[in-house]
Amino acid sequence: MFGFHMIDILVVAAVALALFGPKALQSMARSAGKGVAQAKDVKDKLMSELPMEDIAKITNTIPQVPLNSRQAIGMLLATDDEEKKDEPKKSAAEETKVEDGKGQNAKVGEAD
């Protein structure tokens with residue numbers, strides 16, 4: 001949508017050539033190239049000094065932020081599944097029976 005096409009680049013180059021002339025444009029391009037090379041060297045030096053293993057450990061402990069609703073729902077369902085797996089298993093009798101006031105066993109949800 002907002003990308004540059006070859007015609008756009010040619011028009012900008014022609015205008016720059018007309019405004020600045022060939023010698024000034026050549027020196028500006030050389031300076032820009034040197035500046036990009038220096039920025040790349042600084043980035044490489046910085047990346048080599050960073051403790052990447054520590055950063056990887058930290059990023060693994062930080063929870064992922066969902067970017068859209070589908071990811072949010074997927075993360076919620078995944079955590080629900082994990083919680084169900086982590087709960088201790090109860091027998092069917094323990095889940096359905098509770099002790100009522102008379103000392104008799106009754107099923108959960110049954111009325112007297």
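Taking label positions 7 Å along the Cα-Cβ direction at both LYS57 and ALA37, the computed distance is 3.9 nm, reported to one decimal. Computed over the alpha carbons of segment 6-50, Rg followed by Dmax gives 15.3, 45 Å. In a fully extended conformation the segment linking MET47 and ALA29 would gain 3.8 nm over its present Cα-Cα distance, using 0.36 nm per residue.
The numbers here are math on the coordinates, done by the rules we state, and not lab data. The structure displayed is predicted, hence computed values, not measured ones. No Cβ is skipped: glycine too gets one built from the backbone with ideal geometry, and neighbour counts run over all protein chains shown.
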